[in-house]
1. Has segment 189-211 got any residue that is open to solvent by less than 70 Å² (accessible area, probe 1.4 Å), touching a strand residue (DSSP E or B) at 6+ places or on another chain (Cβ under 9 Å), of a type in the set (G, A, S) and closer than 26 Å to G47 by Cα?
2. Among the residues of segment 150-164, which ones are assigned to a strand (DSSP E or B) and either of a type in the set (K, R) or without any contact (Cβ under 8 Å) to a residue 40 or more places away in the chain (or both)?
3. Cβ-Cβ distance below 7 Å, separation of 6 or more or different chains: which pairs start in segment 91-115 with a residue that is touching a residue at least 12 places away in the same chain (Cβ under 8 Å) and end on one that is outside any helix (DSSP H, G or I) and basic (K, R)?
4. Looking at the structure I just gave you, is L7 modelled with pLDDT under 95 and surrounded by 13 or more Cβ atoms within 10 Å (Cβ to Cβ)?
5. From (1) touching a Lys or Arg at 6+ places or on another chain (Cβ under 9 Å); (2) of a type in the set (A, V, I, L, M); (3) open to solvent by less than 30 Å² (accessible area, probe 1.4 Å); (4) assigned to a helix (DSSP H, G or I), pick out the condition that doesn't hold for L102.
6. I need a count of the residues in segment 146-159 that are buried (at least 21 other Cβ atoms within 10 Å of the Cβ) and under 16 Å from G47 (Cβ atoms).
7. Check off (1) under 32 Å from the mean Cα position of the chain (by Cα); (2) part of a helix (DSSP H, G or I) for A50 and give me the number that stays unchecked.
8. Consider segment 234-284. How many of its residues are on the phi < 0 side of the Ramachandran plot, out of contact with any Pro (no Cβ under 9 Å at 6 or more places or on another chain) and surrounded by fewer than 16 Cβ atoms within 10 Å (Cβ to Cβ)?
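The values are calculated or read from the model by the stated rules, or taken from the named source; none is laboratory data. Everything quoted here is computed from the prediction, not taken from an experiment. Note: ideal-geometry Cβ built from the backbone for every residue, glycine included; neighbour counts use all protein chains shown. Just the protein is used for accessible areas: all its heavy atoms, side chains included, with ligands, DNA and RNA removed. Shrake-Rupley method; radii C 1.70, N 1.55, O 1.52, S 1.80 Å.
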Amino acid sequence: MTTREELIDRLIDLAFAEDIGDGDHTTLSTIPATEMGRQRLIVKEEGILAGVDIARRVFEKFDPSLRMEVFIEDGAHVKPGDTAFIVEGSVRSLLQTERTMLNIMQRMSGIATMTAKYQSRLEGFNCKVLDTRKTTPGMRILEKDAVKIGGGSNHRIGLFDMILIKDNHVDFAGGIDKAVAAAKNYCNENGKNLKIELEVRNTEEIRQALAAGVDRIMLDNFTPERTKEAVELIRSENPAVEIESSGGITLDTLRAYGEAGVDFISVGALTHSVKGLDMSFKAC
């Protein structure tokens, strides 16, 4: 299986390929090869900084001679005017890497900032905000890293590290009992130690999920009131089962689900519609 580090390297290579192509002809034509300089990353909007470590990899991968001095690390609260880091070296290299670095850092910082806002609404509850698989193709690892930097948790990286039986799986498999039994047999036969989560739509499906012995129950599109009732039922039957809420939950409704007593709340908006945090990379 492709490793995390390999995926990040592929992403950076692709970013260079689509941006630079056969050469940054503007830079190559206007800047002498021997020209040296410095640029600093300036934050222009309040939020949570994320992507500093990846920025370092971008610079090192393109030109190992570039020197990066970091003043603010991932996870820090930043404000307009803050300087996150300064990079020194070949001006040609600085100009050719700046957009790739900014694209990654603005995206990751926007996700971290959004996640921090959501998680702050759950202060006082033993409940974590989760991301989903609604990510930008190719950037999933970085976007999920940004969620963790912002104080949230990763639901799963992909289809390979957890079993999540949703309504379509249940319908095609012929019912909850058959779907869960098949998942358990698959894990036993293939030596997989994977958690099994089941999406449910009503009280009857909750009872079937408990009888089938799943590790986590996802309450899909339940109201906060129905969620509270579901939590009470699940806790009374099996306190060890994890409970997750999902489906159209917003910043305004989030706390009501936390109050209902769930362990996790998954929010696709953390990654699929977030605004990047504004920043720039300027000569200094």
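1. Checked against the condition, which is being open to solvent by less than 70 Å² (accessible area, probe 1.4 Å), touching a strand residue (DSSP E or B) at 6+ places or on another chain (Cβ under 9 Å), of a type in the set (G, A, S) and closer than 26 Å to G47 by Cα, segment 189-211 yields no hits at all.
2. I163
3. The qualifying pairs are G110/K275.
4. Here the answer is yes, as L7 does meet what is asked.
5. If we test L102 against (1) touching a Lys or Arg at 6+ places or on another chain (Cβ under 9 Å); (2) of a type in the set (A, V, I, L, M); (3) open to solvent by less than 30 Å² (accessible area, probe 1.4 Å); (4) assigned to a helix (DSSP H, G or I), just (1) comes out false.
6. Residues in segment 146-159 being buried (at least 21 other Cβ atoms within 10 Å of the Cβ) and under 16 Å from G47 (Cβ atoms): 5 in total.
7. Every condition holds for A50 apart from (2).
8. The qualifying residues number 17.
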